[in-house]
Ligand code: 5RP
């Protein structure tokens, strides 16, 4: 299902575009397909990766890459999500790439999300909310997150130590449960904490979800979206 959605999303990419390349096991299939279309069909694009992992994969399949800073604009970003609700609000960061993903999504003219139907929820929060925090005083920040949200929040581990993001930060996962009724408010409250670098709530960004279901791929457009 992930493969089907990943490939179908390539229809939003046309020659001449600058394309943000998300991170994760679904968008991996988009990246592989874009590489194939470059080789076989002469598709002409420039990619902007959202993680070191994606950068390595994109290079391997022959997608020309550039820094966002060196481009005048980004036409579209294609990325995965951990959850999305009926208002096209997202939780992202399951792959710890949320900061770069959000910088790229914010800079893009449009955002296409690739997902399977398990990601569709009524209320966000069953997937623990990823929050990127500074290593400095991360325990203080973790406790502040707990008291702000009144939930348990845990530093994501990688073996014996905290997982390090591509930016050298840590991830705190907040176990909210399906309670995030006002995602933008939660995002803004968390961003007030000095140790919080970024929050895995992507609000007002997603234009289309390319959704894989057992019956096939469905393209679900956000009625207030840009695509
Ligand atoms: C990485 C992300 C991913 O897009 C998200 O975790 C979805 O990944 P997958 O397609 O593997 O389920 O936000 O930070």
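So, in the stretch 56-88, of the ones that are within 14 Å of the ligand (Cβ to nearest atom) and part of a loop (DSSP other than H, G, I, E, B), which residue ends up surrounded by the fewest Cβ atoms within 10 Å (Cβ to Cβ)? Write out each step before concluding.
Here is the first cut: in the stretch 56-88, the ones within 14 Å of the ligand (Cβ to nearest atom) are 57, 77-84.
Filter once more, keeping what is part of a loop (DSSP other than H, G, I, E, B): 81-82.
Numbers: 81: 28, 82: 23.
Out of the qualifying residues, it is 82.
Return the only residue of 35, 16 being farther than 27 Å from residue 168 by Cβ, more than 13 Å from the ligand (Cβ to nearest atom), out of contact with any helix residue (DSSP H, G or I) (no Cβ under 6 Å at 6 or more places or on another chain) and not in a helix (DSSP H, G or I). Before you say what the answer is, go through the steps one by one.
Working: 35 fails: not in a helix (DSSP H, G or I).
Being farther than 27 Å from residue 168 by Cβ, more than 13 Å from the ligand (Cβ to nearest atom), out of contact with any helix residue (DSSP H, G or I) (no Cβ under 6 Å at 6 or more places or on another chain) and not in a helix (DSSP H, G or I) holds for just one of 35, 16, which is 16.
Looking at the stretch 135-155, is at least one residue in contact with a helix residue (DSSP H, G or I) (Cβ under 6 Å, 6 or more places away or on another chain) and within 15 Å of the ligand (Cβ to nearest atom)?
no
For the stretch 119-147, which residues satisfy the criterion of being closer than 26 Å to residue 6 by Cβ and not in a strand (DSSP E or B)?
At the first step, the residues of the stretch 119-147 found to be closer than 26 Å to residue 6 by Cβ are 119-122, 124-130, 132.
Of everything in the stretch 119-147, those that are closer than 26 Å to residue 6 by Cβ and not in a strand (DSSP E or B) turn out to be 119, 121, 122, 125, 126, 127, 128.
For the stretch 148-211, give me every one of the strands (runs of 3 or more DSSP E) that falls completely inside it and has 3 or more residues that are modelled with pLDDT of 95 or more and closer than 20 Å to residue 106 by Cα. Walk me through how you get there before you give the answer.
Working: elements: 152-155, 170-175, 196-199.
Output list reads 196-199.
Check residue 27 against each of (1) under 16 Å from residue 115 (Cα atoms); (2) surrounded by fewer than 18 Cβ atoms within 10 Å (Cβ to Cβ); (3) in contact with a strand residue (DSSP E or B) (Cβ under 7 Å, 6 or more places away or on another chain) and name the one condition it does not meet.
For residue 27, the failing item is (2).
Do any residues in the stretch 61-83 that are under 22 Å from residue 11 (Cβ atoms) and in the same structural domain as residue 23 (by TED's automatic domain parsing) have Cβ atoms under 6 Å from those of residues that are within 16 Å of the ligand (Cβ to nearest atom) and assigned to a loop (DSSP other than H, G, I, E, B), where the two are at least six apart or on different chains, and which pairs are they?
Listed by first residue and then by second, the contacts come to 78/22; 79/22; 80/22; 80/24; 80/26; 81/92.
Being within 11 Å of the ligand (Cβ to nearest atom), crowded, with 23+ Cβ neighbours inside 10 Å and either more than 9 Å from the chain's Cα centre (by Cα) or part of a loop (DSSP other than H, G, I, E, B) (or both) is the filter here, so list the residues in the stretch 109-118 that pass it.
Kept after step one, since they are within 11 Å of the ligand (Cβ to nearest atom), are these residues of the stretch 109-118: 113-116, 118.
Checking which are crowded, with 23+ Cβ neighbours inside 10 Å leaves us with 113-115.
Across the stretch 109-118, the qualifying residues are 114, 115.
Condition (residue is in contact with a strand residue (DSSP E or B) (Cβ under 6 Å, 6 or more places away or on another chain) and surrounded by fewer than 18 Cβ atoms within 10 Å (Cβ to Cβ)) applied to the stretch 90-108: is it met by at least one residue?
Taking every residue of the stretch 90-108 in turn, at least one turns out to be in contact with a strand residue (DSSP E or B) (Cβ under 6 Å, 6 or more places away or on another chain) and surrounded by fewer than 18 Cβ atoms within 10 Å (Cβ to Cβ).
Given the structure, is residue 105 within 12 Å of the ligand (Cβ to nearest atom) and under 19 Å from the mean Cα position of the chain (by Cα)? Quick ask: steps written out before the conclusion?
Working: within 12 Å of the ligand (Cβ to nearest atom): yes; under 19 Å from the mean Cα position of the chain (by Cα): yes.
Here the answer is yes, as residue 105 does meet what is asked.
Can you find a residue in the stretch 162-169 that is under 23 Å from residue 85 (Cβ atoms) and in contact with a strand residue (DSSP E or B) (Cβ under 8 Å, 6 or more places away or on another chain)? Talk me through it step by step, then tell me what you get.
Here is the first cut: in the stretch 162-169, the residues under 23 Å from residue 85 (Cβ atoms) are none.
For the stretch 162-169, residues under 23 Å from residue 85 (Cβ atoms) and in contact with a strand residue (DSSP E or B) (Cβ under 8 Å, 6 or more places away or on another chain): absent.
Name the residues in the stretch 40-55 that are away from the ligand (no atom under 16 Å from the Cβ) and either surrounded by 16 or more Cβ atoms within 10 Å (Cβ to Cβ) or outside any loop (DSSP other than H, G, I, E, B) (or both), would you? Explain how you work it out, then say what you get.
Taking the stretch 40-55 first, the residues away from the ligand (no atom under 16 Å from the Cβ) are 40-46.
Passing the criteria: 40, 41, 43, 45, 46.
Just one of the numbered conditions (1) in contact with a helix residue (DSSP H, G or I) (Cβ under 7 Å, 6 or more places away or on another chain); (2) modelled with pLDDT of 95 or more is not true of residue 116; which one?
Only one criterion in (1) in contact with a helix residue (DSSP H, G or I) (Cβ under 7 Å, 6 or more places away or on another chain); (2) modelled with pLDDT of 95 or more is unmet by residue 116, namely (2).
The values are calculated or read from the model by the stated rules, or taken from the named source; none is laboratory data. The structure displayed is predicted, hence computed values, not measured ones. Backbone-built Cβ (ideal geometry, glycine too); neighbour counts: all protein chains shown.
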